[in-house]
Structures are given as C-alpha cells and as structure tokens.
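To keep things clear, I will list the structure first and then write my remarks on it.
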Amino acid sequence: MELLSRVRSDAGRGYRYLAAVPYRVSGNALRFIRQTHEELPPRPPPDRRTLVLFAHFDPQRMIDPYVVYYLKALHDLGATILLVSGSPKLKPESVASIRSLCAGIYTRRTLSLDFGSWHLAWSIVQERGWSLDHFDRLVLANDSVFGPVLPLEEMWRSFHGADMYGAIESAEFGLHLQSFFLAWDLNPRTRRFLTDFWSEFEYVVDKVNLVDRYEIGLSTRAREAGLRLKPFVSVDSINPTYARCPNHQWASKFSSEPFNHTLYYWDGLIQHCRFPFLKTILPRHNDPWHDSMAQLREFIELYTEYPYELIQSNVDRLGCGVSSWVKPSSAPA
C-alpha cells in the first residue's frame, strides 16, 4: 500500500509538472482557465478601491457558506473581488451564492496552490486591461481560514504607515508575513514591486519549494526592494501573551524554536491578540492535536460573535470533525 501510494503521488506530481510546461513555454497563464462563471467587466467599479485576489479550493466543488461569509466581510470593506478556484469544475448552484460579491469568478487547473490562483487572477486583471492605478490597495486572500471571527475592520484600520501588510508574522523558517492574507498600499514602489513579482512568477509544483520561494521569499524580496512591512499581529506582540497561558498544551514551544502560531497558539491569538482568523485545518483534522478543540464551540461563542454553525457545517460536509478525530500517539499528554 505504501508503494502504491508513493507511485500515485509521483504520478500526480509528474502530471502537474507536465501541466506547468505550457506556461513555461508560452507565458500564457490564461490557458489554465477551465470555467468562467463571472467574466470580469471591462472596467473596475470606480467606488470600490481595494482589489482582492481570492484563492479558493474545495474537494467537493462547492463554495462553502463560510467562504461566502468571508467574501461578504471583504466586500463590505469596499473591495472588488476576483475569485479563482483551484477546483476546475464548481457546481453552478454553489457559485450563485457569491455572484453579487465577486466581480469575476473563474476556475483553473490546480497548479502551485494558492499562488497559482493569485497569479492567474493577476493575469486576468492584466488581460482585461485593468490597472493598479484604479485601486488604492491590493489584497491576496484565501479560504484556508474561518473568519473573520472578530471584526475585520480592526485589522484593516491598523494597515497604515507601511507598504506591505499581513494578518500575522511568523519567524518559522525566516521572518515573514504569512500568505493567507497579504495587502499592499498601492504607490509607485509597490506597483513596480508587484508587477515585477508576478511577471517573473513560475509555476512551482513542489510545495516545500513553493513556500520557500514565494511565501517566505515574498517578504524577503519586499524588504530587499525597500518596502516597509507591517503585520497586524507581530511575533514581538505575541511573545508577552505567553505569560497569560502557563498551562497551555503547547507551552513547551514558547521558549523553543520559532513555530507557526496559527497552528499551535490559535486560541491565544484570538483571545489575547484579537486575531480574526482560525485555520481550517484545526477544526477539520485537529492537526496538530489540541485537546481544547473539543471545546471549540464554547471558545468561539465566548470570545467571538462568529456563527459557529459555519464551522460545524463545513467539517460535517467534508467528513471531518469530532467523529473522525483519533488522537495520535505522538500528541502531547
């Protein structure tokens, strides 16, 4: 079984490598489009000055209600949203729930994860003749989080005094802004930076290389270009909150090597840092294991006004959640 799994994995990786070849040859990412559910109009709306490129994926080809909730929060900020799904064929009845929220809705071949969706969205914007001059801010977001569990406006208002912003900073594998929510104030420096970055983008198949080159590398490249970076939640702002959680299940990590706070300190981020997101992998798979996940509903209802049924319905639909959790032997006692 292990050999069969490895063969299938290698075959899938080989298929994705071959699928990336046409872009390497022609540079035309538009060939990856599989469905157009909502064509981007010739001109952007003049009164919505934030452009959001939103990456989506669902194994059952759905636009889940939690995604609709998130898109509505972005739309309420005055955003023009272009959604690109890595699910090549979305169910039309599911797409209907977001038509009023998105200026464009497309699906694509699944390559390079979220960065592949963002690059295709960028390519569509260019092909339609839209310019960053039409906007004051550009945002990259994806559906890997439930939220906003706290008002998104709090984070949004903190985005000032820099060029590039992120929901949270991580020191794991090098100091960087995590890519599930990034924003740029658009000025001559950032417009040039973004144009150069996306024009040089390549479809990287291996996930480790992709993260190193584009998630971590994006912050490195921005600093080298002289951009000022500012997270809503910084590593320095998280560290003092550890003292409020001496009995945390993962407290042993607080004084060790840098780690991903969104995975191991999700509760402290929401409770003590007003962090507006919860990574979907936690309720879906409880990975890494948290004993506290059994009390997730109580926590969400105590500290936020987020409708917990959005989380519950998603994990139920995808066959995850409490019924399928099996505590791994390696989980801390």
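Restricting attention to region 272-310, which residues are closer than 21 Å to residue 142 by Cβ and among the acidic types (Asp, Glu)?
Selection gives 287 alone.
Quick one: residue 98 ticks every box in (1) touching a helix residue (DSSP H, G or I) at 6+ places or on another chain (Cβ under 8 Å); (2) at pLDDT below 95 except a single one, so which number is it?
It is condition (2) that residue 98 fails.
Against the definition (touching a helix residue (DSSP H, G or I) at 6+ places or on another chain (Cβ under 8 Å) and among the aliphatic types (A, V, I, L, M)), how does residue 238 come out, yes or no?
The answer is yes for residue 238.
Checking the conditions here, which among 302, 269 is among the aliphatic types (A, V, I, L, M), modelled with pLDDT of 95 or more and surrounded by fewer than 18 Cβ atoms within 10 Å (Cβ to Cβ)?
Only one candidate qualifies: 302.
How do the helices (runs of 4 or more DSSP H) wholly within region 200-241 filter down when requiring 1 or more residues that are more than 19 Å from residue 162 (Cα to Cα): which remain?
The qualifying helices (runs of 4 or more DSSP H) are 207-210, 235-238.
To keep it simple, each residue is scored yes or no on (1) crowded, with 19+ Cβ neighbours inside 10 Å; (2) not acidic (Asp, Glu); (3) not in a helix (DSSP H, G or I).
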position: 43; (1), (2), (3): no, yes, yes
position: 55; (1), (2), (3): yes, yes, yes
position: 71; (1), (2), (3): yes, yes, no
position: 95; (1), (2), (3): yes, yes, no
position: 117; (1), (2), (3): yes, yes, no
position: 140; (1), (2), (3): yes, yes, yes
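Go through (1) surrounded by fewer than 23 Cβ atoms within 10 Å (Cβ to Cβ); (2) in contact (Cβ under 8 Å) with a residue 60 or more places away in the chain one by one and return the number of the condition residue 133 breaks.
(2)
The values are calculated or read from the model by the stated rules, or taken from the named source; none is laboratory data. From a predicted model like this one, the values you see are computed outputs, not experimental measurements. Cβ coordinates were reconstructed from backbone atoms using ideal geometry, including for glycine residues, and neighbour counts include every protein chain displayed.
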